[in-house]
Amino acid sequence: MGKKTVLRRVDILDPSPDIIQEAAKIVQARGLVAFPTETVYGLGANALDETAVAAIFKAKQRPAADPIIAHIAEVESLSLVTPVPAETIEALTSAFWPGPLTLVLPRLVNVPANLSAGLDTVAVRMPAHPVAQALIRAAGVPIAAPSANLFSRPSATTADHVLADLDGRIDMILDAGPTAIGIESTVLDLITDIPTILRPGGTSLEALRQILPAIQVKQTWHKETEVGQSPGMMLKHYSPNAQVLVFSGDQEQVHTKIRQAIQTKTSNERLGLLLPEAELESLYSNHIEVVSLGSTAEDAATRLFAGLRQLDALDVDVILTRLPAYDSPLTPALQDRILRAAEGKIVSD
Ligand code: TXA
Ligand code: MG
């Protein structure tokens with residue numbers, strides 16, 4: 001799109017003030033800066049400026065109906081985006097901010113409507129990443145930031161992923177290495193009578209229930225049979241170019257089905273496996289690409305989006321994976337991301 005995208009490396013714990021200033025000036029001038037958070041890279045712009053927010057939608061090719069999160073660096077900045085007094089949500093913010101929790105609250109009138117896709121609410125989050133914090137403070141405004149990927153592509157967990165999707169479309173990328181958590185924040189709606197998780201993420205339901213016992217979870221993806229009835233835009237998300245097949249069941253059932261798929265593949269079809277390290281060993285065969293999700297749920301979270309992109313780069317036609325079944329609070333978020341990558345389809349029996 002004819003922009004020169006500048007890549008600047010910054011130290012994660014001690015980012016150069018000069019580089020942060022350079023990035024903050026771009027934000028103040030209605031430009032676009034991709035920056036690391038502890039979850040994924042964000043594509044940042046001045047959240048209080050309608051033109052700057054519009055530029056995010058354009059660069060990402062994101063539909064205007066998909067609202068964006070405003071990022072703040074201190075609780076006091078809540079008053080810039082919502083009329084809700086900080087005290088009323090203090091229990092949540094003191095337990096989970098800064099961190100991977102986004103809160104949906106009533107929107108203050110001076111927040112541009114396009115940020116929230118016309119809704120009278122606003123999503124707010126305080127990221128913990130020192131580079132994100134430094135940028136927001138230096139810019140002096142809340143920063144609007146969706147994940148820094150082209151719409152419907154896997155989220156970016158490294159500066160390379162951002163460059164692959166957005167080179168020439170944005171002004172700057174702050175590169176502080178791979179992100180620590182690897183999947184996005186939990187989105188918690190506080191407008192509804194019962195607080196509702198709209199997207200599972202880096203903050204677990206169990207942890208939230210310790211502070212807010214009555215939380216409910218909105219099921220935002222659907223099983224194969226339901227897909228036709230709910231062809232919501234929400235479903236196709238995080239999609240690599242390859243088709244993703246998600247197998248569910250116990251380990252033996254899953255492995256039997258994957259072996260069948262490997263045996264019945266046609267000679268020119270390229271297959272990729274995206275599975276925990278221990279499972280790859282028993283399924284490995286010649287002529288298929290393999291990417292490991294590591295050994296824990298935390299490993300899988302940091303490797304999932306990168307793994308989908310890596311298998312795309314290897315030009316596979318089909319990615320075979322399993323529904324994550326870790327005994328971990330991250331499991332619902334991992335399942336959500338894998339199912340969306342597969343456009344909601346699970347291969348069960
Ligand atoms: O971890 C994260 O949340 C990352 C980093 C960059 O902070 N951001 C992120 O943004 O994942 P994005 O745009 O990819 O996802 C934002 C999610 C979407 O599911 C969107 O529908 C929801 O938040 N959202 C934003 N504003 C909302 C609102 N006013 N009401 C309900 N949902 C909202
Ligand atoms: Mg996203």
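Every number here is computed from the coordinates shown, using simple stated rules; none is lab data. Worth saying up front: this structure is predicted, and the values here are computed from it rather than measured. A quick note on method: Cβ atoms are made from the backbone with ideal geometry, for glycine too, and the neighbour counts reach across all protein chains shown.
A compact table of results
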{"quantity": "D299 over 22 Å from P178 (Cα atoms) and acidic (D, E)", "calculated": "no"}
{"quantity": "Within the range 1-31, tally of residues that are touching a Lys or Arg at 6+ places or on another chain (Cβ under 8 Å), aliphatic (A, V, I, L, M) and surrounded by 17 or more Cβ atoms within 10 Å (Cβ to Cβ)", "calculated": "2"}
{"quantity": "Residue check, G168 more than 15 Å from ligand 2 (Cβ to nearest atom), touching a Gly at 6+ places or on another chain (Cβ under 8 Å) and in contact (Cβ under 8 Å) with a residue 60 or more places away in the chain", "calculated": "yes"}
{"quantity": "Residue pairs meeting the criteria (Cβ under 6 Å; at least 6 apart or on separate chains; first more than 12 Å from P63 (Cα to Cα), in the range 112-125; second within 16 Å of ligand 2 (Cβ to nearest atom) and of a type in the set (S, T, N, Q))", "calculated": "V122/S116; A123/T102; R125/T102; R125/S185"}
{"quantity": "Qualifying position, being closer than 30 Å to L311 by Cα and touching a helix residue (DSSP H, G or I) at 6+ places or on another chain (Cβ under 9 Å), among A180, A159, A95", "calculated": "A180"}
{"quantity": "Within the range 260-349, helices (runs of 4 or more DSSP H) holding 2 or more residues that are buried (at least 22 other Cβ atoms within 10 Å of the Cβ)", "calculated": "297-313, 331-341"}
{"quantity": "Any hit, the range 231-254, residues being among the hydroxyl-bearing types (S, T, Y) and free of Cβ contacts under 8 Å to residues at least 60 places away in the same chain", "calculated": "no"}
{"quantity": "Qualifying position, being of a type in the set (A, V, I, L, M), closer than 14 Å to P67 by Cβ and surrounded by fewer than 21 Cβ atoms within 10 Å (Cβ to Cβ), among A117, A95, A123, A91", "calculated": "A117"}
{"quantity": "Single residue of the range 138-190 satisfying the filter (closer than 25 Å to N114 by Cα, surrounded by 23 or more Cβ atoms within 10 Å (Cβ to Cβ) and hydroxyl-bearing (S, T, Y)) that is farthest from ligand 1 (Cβ to nearest atom)", "calculated": "T186"}
{"quantity": "Residues being closer than 18 Å to Y238 by Cα, buried (at least 21 other Cβ atoms within 10 Å of the Cβ) and over 16 Å from the mean Cα position of the chain (by Cα) - total across the range 58-73", "calculated": "1"}
{"quantity": "Number of positions in the range 87-135 that are in contact with a His (Cβ under 7 Å, 6 or more places away or on another chain) and among the charged types (D, E, K, R)", "calculated": "1"}
{"quantity": "Selection count where residues are crowded, with 19+ Cβ neighbours inside 10 Å and assigned to a helix (DSSP H, G or I), scope the range 197-220", "calculated": "1"}
{"quantity": "Residue that is surrounded by the most Cβ atoms within 10 Å (Cβ to Cβ), among those in the range 74-83 that are farther than 24 Å from S204 by Cβ and not hydroxyl-bearing (S, T, Y)", "calculated": "V81"}
{"quantity": "Residues (farther than 20 Å from A333 by Cβ and within 16 Å of the chain's Cα centre (by Cα)) located in the range 132-142", "calculated": "none"}
